[in-house]
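Here's the structure we're looking at; comments come further down.
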Amino acid sequence: MGKERLDKILASQNLGSRKEVGALIRAGRVSVGGTEVRRPEWKADPEADVIAVDSQVLNFKRHVYLMMNKPDGVLSASRDPRARTVVDLLPPGLRRRGLFPAGRLDKDTRGLLILTDDGGFAHRMLSPKSHVTKWYEAVLESPVSEADVLRFRRGVALADGTVCLSAGLSVLREGETPLVLAGLREGKFHQVKRMFLACGNRVLSLRRVRIGGLALDPELAEGAARELEAEEAALVFRTAPWIK
């Protein structure tokens with residue numbers, strides 16, 4: 001990416017505002033290539049130069065990718081003046097300028113959500129052309145039939161006439177309120193709920209459990225988040241081996 005202002009580099013790594021990191025630099029607490037630098041406008045290459053703050057080498061990351069286990073009642077948004085958002089749930093150590101949810105979950109939907117500051121990654125993940133399947137566990141009001149499975153496979157026609165892309169549907173637990181697994185390659189407004197309504201059923205609860213080949217970490221508590229390694233983030237664009 002070439003050279004950038006030193007204060008911009010440090011601010012992008014969650015070390016403070018441009019004003020705050022500028023004060024760090026002017027105080028002589030920052031070095032580039034082993035040489036103390038006191039000018040915030042100094043140009044450095046964050047991916048080639050060794051930058052240190054208080055003698056601690058900066059582990060520069062151009063982009064970050066977070067996995068969150070979204071709880072019920074929280075908005076999938078970066079900010080909202082009237083409601084708590086998924087970004088509000090992040091601890092200080094995971095917060096970073098420009099973070100946004102890559103794809104949304106309804107306020108009452110739980111489960112896997114990716115937050116990032118990488119717009120290209122989000123666009124690729126959400127584009128139907130990428131064929132990234134999002135998998136949801138849904139508790140339903142009534143049992144599903146083989147006809148419902150076939151309708152999902154052929155593409156459900158919603159109440160407004162919109163025809164959805166082919167989707168997967170399988171039963172995980174039978175009974176009066178069955179648990180099913182639904183796989184979608186697109187993300188229309190309230191789509192899972194509307195698809196089941198079109199089949200004469202109703203979703204009682206909904207949780208996203210997988211995006212592509214990336215599964216929700218079973219050790220991640222609701223409301224918690226953790227950083228994804230690059231290899232984990234890349235799993236989004238792979239098909240899970242158990243998905244046919």
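Here is a yes/no grid of residues against (1) buried (at least 19 other Cβ atoms within 10 Å of the Cβ); (2) in contact with a strand residue (DSSP E or B) (Cβ under 6 Å, 6 or more places away or on another chain); (3) part of a strand (DSSP E or B); (4) in the same structural domain as Leu228 (by TED's automatic domain parsing):
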{"position": "Asp72", "(1), (2), (3), (4)": "no, yes, no, yes"}
{"position": "Ala77", "(1), (2), (3), (4)": "no, yes, no, yes"}
{"position": "Asp80", "(1), (2), (3), (4)": "no, no, no, yes"}
{"position": "Ala83", "(1), (2), (3), (4)": "no, yes, no, yes"}
{"position": "Gly93", "(1), (2), (3), (4)": "no, no, no, yes"}
{"position": "Gly98", "(1), (2), (3), (4)": "no, no, no, yes"}
{"position": "Asp106", "(1), (2), (3), (4)": "no, no, no, yes"}
{"position": "Gly111", "(1), (2), (3), (4)": "yes, yes, yes, yes"}
{"position": "Leu115", "(1), (2), (3), (4)": "yes, yes, yes, yes"}
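Only one of (1) within 13 Å of the chain's Cα centre (by Cα); (2) part of a helix (DSSP H, G or I); (3) surrounded by 12 or more Cβ atoms within 10 Å (Cβ to Cβ) is not met by Val21, so which one is it?
Result: Val21 fails condition (1) only.
Residues of segment 12-57 being closer than 24 Å to Asp118 by Cβ and touching a Ser or Thr at 6+ places or on another chain (Cβ under 6 Å), which ones?
none
Tally the residues that are assigned to a strand (DSSP E or B) and either acidic (Asp, Glu) or within 30 Å of Ala225 (Cα to Cα) (or both), restricting the search to segment 31-70.
The initial filter retains those residues of segment 31-70 that are assigned to a strand (DSSP E or B), namely 31-32, 35-36, 43-44, 51-53, 56-57, 65-70.
Okay, now just the ones that are also either acidic (Asp, Glu) or within 30 Å of Ala225 (Cα to Cα) (or both), so 36, 51-53, 56-57, 65-70.
The qualifying residues number 12.
The values are calculated or read from the model by the stated rules, or taken from the named source; none is laboratory data. Owing to the predicted nature of the structure, the values given are computational and were not obtained by experimental measurement. Using ideal geometry, Cβ is built from the backbone for each residue, glycine included, and neighbour counts are taken over all protein chains shown.
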